[in-house]
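Report on the following structure.
The values are calculated or read from the model by the stated rules, or taken from the named source; none is laboratory data. Model, not experiment: these values are computed from the prediction. Ideal geometry is used to build each Cβ from the backbone, glycine not excepted, and the neighbour counts take in all protein chains shown. We work out accessible area using only protein heavy atoms, side chains counted, and drop any ligands, DNA or RNA first. Shrake-Rupley method; radii C 1.70, N 1.55, O 1.52, S 1.80 Å.
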Amino acid sequence: GPILTRHYAIGRLILPARCEAQVKAKKACLLSSKSVQRTGNQNEGDADMVSKVLVANRGEIACRILRACNEAGLASVAIYAENDASSMFIELAGEAVQLTGDTIGTTYLDQQQIIGIAKATGADAIHPGYGFLSENARFSKICEEHKIKFIGASAEMIDRMGDKASAISTMKEAGVPT
């Protein structure tokens with residue numbers, strides 16, 4: 001279908017055109033939603049509400065996360081590389097921003113570019129999906145520093161589980177058979 005575009009310094013924001021009935025249905029869903037979406041480190045008691053999630057992944061993984069956001073009544077942002085421009089996950093997102101770069105390292109793994117897009121679009125949480133940045137303690141910490149919730153393990157837990165000896169020790173302390 002037709003798309004509306006706006007340009008940001010960090011990329012191109014694409015908003016799928018929607019008919020009036022779709023807009024009304026989405027507003028009704030948001031108003032009637034009884035669930036409160038929360039994330040954060042439970043140990044710190046952080047229970048801030050999430051309103052917009054940036055999905056930092058692609059393909060089927062991104063589709064699943066975006067569907068969940070839609071069902072929960074959360075606004076969503078997809079990021080995509082040029083070669084993913086016609087992928088289904090872009091259609092499922094409320095907004096989509098094209099990443100600059102032409103390799104995985106300069107697109108889906110470019111932490112500063114992703115943080116910049118989150119800030120420019122007003123996303124207050126980032127879901128990394130699987131792989132890519134989901135097991136990157138540094139990215140989890142960068143999100144925290146920018147006051148963006150990282151939907152995943154804390155930087156400390158990623159570090160602990162990334163080292164085999166530390167992971168085994170952590171599992172034993174938690175009572176998990178090793």
Looking at region 13-27, is at least one residue closer than 17 Å to Gly116 by Cβ, open to solvent by less than 60 Å² (accessible area, probe 1.4 Å) and modelled with pLDDT under 95? yes
Among the numbered conditions (1) under 23 Å from Cys63 (Cβ atoms); (2) touching a residue at least 60 places away in the same chain (Cβ under 8 Å), tell me where Ser154 comes up short. (1)
Could you list, ordered by first residue, the pairs with Cβ atoms under 6 Å in which the first is in region 161-178 and within 18 Å of Ala137 (Cα to Cα) and the second is of a type in the set (Lys, Arg), at least 6 apart or interchain? Ser166/Arg160; Thr170/Arg160
All but one of (1) surrounded by 14 or more Cβ atoms within 10 Å (Cβ to Cβ); (2) at pLDDT 50 or above hold for Gly40, so report the exception by its number. (2)
Collect the residues in region 116-170 that are among the aliphatic types (A, V, I, L, M) and over 12 Å from the mean Cα position of the chain (by Cα), keeping them in residue-number order. Ala120, Ala137, Ile142, Ala153, Ala155, Met157, Ile158, Met161, Ala165, Ala167, Ile168
